[in-house]
Amino acid sequence: MPLRPRIVALLACVCASLAFAAEPLLLPRPNAVELTAETFTATELTVSCESGAEFAKVQRILTADGKLTQVRRSETNPTLRVSRLKTSAYALRIQPKGIDLAYGPEDQLNAALTTLRQLAWAAQSGWSVPCGTISDTPRYGHRGFMLDESRHFTGKAGVKRLLDAMELLKLNVFHWHLTDEPGWRIEIKKYPKLTTTGALGNYTDKDAPATFYTQDDVREIVAYAEARGITIIPEIDMPGHAAAANRAYPEFSGGGSKKYPDFTFNPAKAETDAFLKDILAEVRTLFPKSPVIHLGGDEVHFGWEQWPKLPEVQKLMADEKFTKLDEVEGRFVRRMADHLAPTWTQVGLWDEASRFNLPPAKTLLFWWRHDKPQGLKDAAEKGYDIVLCPRIPLYFDFVQDGTHKSGRRWAGKFAELAAIHAFPESLGATLPANAKIRGLQANLWTETAVTQERRDFLTFPRLLALAESAWTQPARKDFPRFQQASATVIPHLEALGLKPWKGDAEVAK
Ligand code: ACM
């Protein structure tokens, strides 16, 4: 061969060995990926790591698809070396002879292993992943999903399946809305009527048998979530949305209105204070590692019209020279938050509570009122940490398609997949530059979600878009690519027993 064609052939050969492989369809899309055309291929892995808990995660996640015959722990000749980082990130260096995995916070080990798991999905046969480096950092530390258990109860198996799906999507916060008007769903030993009476019924059937989580169930779910890198925020809603507790213990009620009967706790009665503090003490023991408890604090004015008639409220208003019920509510919320401050890192509240001047360092506000951008602005100005979960587009009880009949709309607007994927950039100037955004969260209220099939239909695939919006930097987000990546993830959600909406008929109940 003459010299020039020989040089060209040689260069082509060198380039092929250095070639970068096309970026695989991982979801959420990682923020920095450089892969080559080489691969690491194995039928079994030997793993060096620091702890049994780390090894358990490696083993569970990497054997989930049945492609590795064995994952063993061994310090000699490991093919997967696990170590720690000091950042909020994970890094993978994959070479033909082995893999180095380093991670910062606990949930990032789950994220790194999930990346390996997703990389191996593309292999034609066996367990094989492309070589190269992935050094990835989530956009937000709080990547959450809230489930309303009060209106319709999901139960242990459904929650575990949801946690499995969340791990697969690198979501790391499960906000567990356990109490509200239709039912109280968590066992409290000191007040058994909360579940023998308060757990009876649901939003569509007031005669339904009691459904709730026993304390053993809660501990089991907490451990299950922890193994999946997911922190639980339990929510005990107060002083509104208290009707189920008030059915069980009417002596602590603050009354309600015609539309919202028995909606509130009595905000000024010492016995109610003691009752709620007892409940919160048991909750603390059940969620020993959770940094945040959520106290609700939403829509209290729906049911406070009887407060001026309560002798305890009358006395409080006279003593404190209060002229407005808002001041009574503010005192209640501040005192409860102060009570919890020493034992929880932060107290979560819906965004209405920003008006009460709570201590910013100890408070996490959830902005849900998309029609009140001023609420977000106020929260930002006061320096609160904020989770963005506005109804539009992050309430999954809103319909996801214009043709759907069952579910909410707001002035014709609903919560489409593309809008979730475009969030929060779509907020534009509504998102104040000084806002301390902890993260994003989707909320599933279950008035219209009677069955598990409907809860799945409402949650998936929208949770995939939420996951990418919470993880991936805006410059790396690309909706058509996201849709392609979703198509590779959805069969794995189906393998868990979930039933995502795939453009077919609406599941209306
Ligand atoms: C809410 O939707 N009431 C927080």
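The values are calculated or read from the model by the stated rules, or taken from the named source; none is laboratory data. Predicted, not measured: the structure shown is a model, and the values here were computed from it. Cβ atoms come from the backbone with ideal geometry, glycine included; neighbour counts cover every protein chain shown. Heavy atoms of the whole protein, side chains included, go into the accessibility calculation; ligands, DNA and RNA do not. Shrake-Rupley method; radii C 1.70, N 1.55, O 1.52, S 1.80 Å.
Quick look at the numbers
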| quantity | calculated |
| --- | --- |
| Residue identified as part of a helix (DSSP H, G or I), touching a residue at least 24 places away in the same chain (Cβ under 8 Å) and more than 16 Å from the ligand (Cβ to nearest atom) among Arg355, Arg334 | Arg334 |
| Count of region 27-53 residues which are among the charged types (D, E, K, R), within 29 Å of Leu496 (Cα to Cα) and open to solvent by 50 Å² or more (accessible area, probe 1.4 Å) | 1 |
| Candidate set from region 360-395 (those that are closer than 22 Å to Ile233 by Cα and in contact with a Ser or Thr (Cβ under 6 Å, 6 or more places away or on another chain)); member that is surrounded by the fewest Cβ atoms within 10 Å (Cβ to Cβ) | Ala379 |
| Hits in region 196-221 (condition: without any contact (Cβ under 8 Å) to a residue 12 or more places away in the chain and either of a type in the set (A, V, I, L, M, F, W, C) or surrounded by 14 or more Cβ atoms within 10 Å (Cβ to Cβ) (or both)) | Ala208 |
| Given (1) of a type outside the set (Val, Ile, Thr); (2) more than 16 Å from the ligand (Cβ to nearest atom); (3) over 21 Å from Asp504 (Cα atoms); (4) surrounded by fewer than 20 Cβ atoms within 10 Å (Cβ to Cβ), index of the condition Ala419 fails | (3) |
| Selection within region 380-411 - over 23 Å from the mean Cα position of the chain (by Cα) and within 15 Å of the ligand (Cβ to nearest atom) | Trp410 |
| Of all residues making up region 401-433, the number that are part of a helix (DSSP H, G or I) and either in contact with a Ser or Thr (Cβ under 8 Å, 6 or more places away or on another chain) or modelled with pLDDT under 95 (or both) | 3 |
| Condition broken by Ala318, with the remaining ones in (1) among the hydrophobic types (A, V, I, L, M, F, W, C); (2) surrounded by 13 or more Cβ atoms within 10 Å (Cβ to Cβ); (3) assigned to a helix (DSSP H, G or I); (4) more than 16 Å from the ligand (Cβ to nearest atom) satisfied | (2) |
| Residue that is in contact (Cβ under 8 Å) with a residue 12 or more places away in the chain, loosely packed, with under 15 Cβ neighbours inside 10 Å and assigned to a loop (DSSP other than H, G, I, E, B), where the choices are Lys509, Lys499 | Lys509 |
| Positions within region 239-263 being touching a Leu at 6+ places or on another chain (Cβ under 9 Å) and buried (at least 24 other Cβ atoms within 10 Å of the Cβ), in sequence order | Pro239, Ala244, Ala245, Gly254 |
| Qualifying positions in region 441-460 - closer than 30 Å to Ala380 by Cα and within 15 Å of the ligand (Cβ to nearest atom) | Gln441, Ala442, Asn443, Leu444, Trp445, Thr446 |
| Residue match in region 230-249 (condition: within 16 Å of the ligand (Cβ to nearest atom) and among the basic types (Lys, Arg)) | no |
| Region 377-400, residues that are part of a loop (DSSP other than H, G, I, E, B), within 22 Å of Ala419 (Cβ to Cβ) and without any contact (Cβ under 8 Å) to a residue 40 or more places away in the chain | Pro390, Val399 |
| Residue count for region 264-305, restricted to those that are open to solvent by 10 Å² or more (accessible area, probe 1.4 Å), outside any loop (DSSP other than H, G, I, E, B) and either charged (D, E, K, R) or in contact with a helix residue (DSSP H, G or I) (Cβ under 6 Å, 6 or more places away or on another chain) (or both) | 6 |
| Any strands (runs of 3 or more DSSP E) falling wholly within region 54-167 and containing at least 1 residues that are within 26 Å of the chain's Cα centre (by Cα) and surrounded by fewer than 21 Cβ atoms within 10 Å (Cβ to Cβ) | 80-84, 90-95, 98-103, 127-136 |
| Some residue of region 187-195 being part of a loop (DSSP other than H, G, I, E, B), open to solvent by 10 Å² or more (accessible area, probe 1.4 Å) and either free of Cβ contacts under 8 Å to residues at least 60 places away in the same chain or acidic (Asp, Glu) (or both) | yes |
